[in-house]
1. For mean projected area of the Cα convex hull in nm², one of (i) 13.4; (ii) 14.8; (iii) 11.5 was computed from the structure I shared and the rest are decoys. Which label?
2. Express in nm, to one decimal, how much length is gained between THR25 and LYS37 on full extension, taking 0.36 nm for each residue of separation and deducting their alpha carbon distance.
3. Which cross-chain or sequence-distant (5 or more) residues have an amide H under 5 Å from the amide H of ALA29, H modelled 1.01 Å from N in plane?
4. Just how large is the dipole of the stretch 1-41 about the Cα centre, in debye to the nearest 20, putting +1 at every Lys and Arg Cβ and -1 at every Asp and Glu Cβ?
5. Add +1 for every Lys or Arg and -1 for every Asp or Glu among the other residues with Cβ under 14 Å from the Cβ of VAL3, and state the total.
6. Across the stretch 62-69, in residue order, what do the Karplus-derived ³J(HN,Hα) couplings come to in whole Hz, using 6.51 cos²θ - 1.76 cosθ + 1.60 with θ = phi - 60° and x for Gly and Pro?
7. Using the charge dipole of the chain (Lys, Arg: +1 at Cβ; Asp, Glu: -1 at Cβ; taken about the Cα centre), state which of LEU66, ALA9, GLY31 has its Cα farthest towards the positive end.
Amino acid sequence: MNVVATNEAKTHLSALLERVGRGETIVIARGRKPVAKLVPYEDADRPRPKVGEMMDEPMAVPEEALRPLEASELRAWGLR
């Protein structure tokens, strides 16, 4: 793992990204304090979803969540 200063990271970002793309991890430091880490993206070979395509399973909403609130619940929310 290599450590580079912020000014070097700004100047050589493209080269640093090439190194990260080859599997290297790079830490960016402000002075001696690390502030960020560039790591290879794990799913780089996974195709991006097309517009309208879902990445996850659809969310299920329980029936209880859709029932009307009772009068006491409405009062608790300041709605009556």
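Every number in this text was worked out from the coordinates using simple rules, so none of it is lab data. Everything numeric in this text was worked out from a predicted model, so none of it was measured. Note that we place each Cβ from the backbone using ideal geometry, even for glycine, and neighbour counts take in every protein chain shown.
1. (iii)
2. Length gained between THR25 and LYS37: 3.6 nm.
3. Under 5 Å from the amide H of ALA29: VAL4, ALA5, THR6, VAL35.
4. In debye, rounded to 20, the stretch 1-41 gives about 200.
5. Once positives and negatives cancel, what remains is +3.
6. Result, ordered by residue: x, 4, 4, 5, 9, 6, x, 6 Hz.
7. It is GLY31, whose Cα lies furthest towards the positive end.
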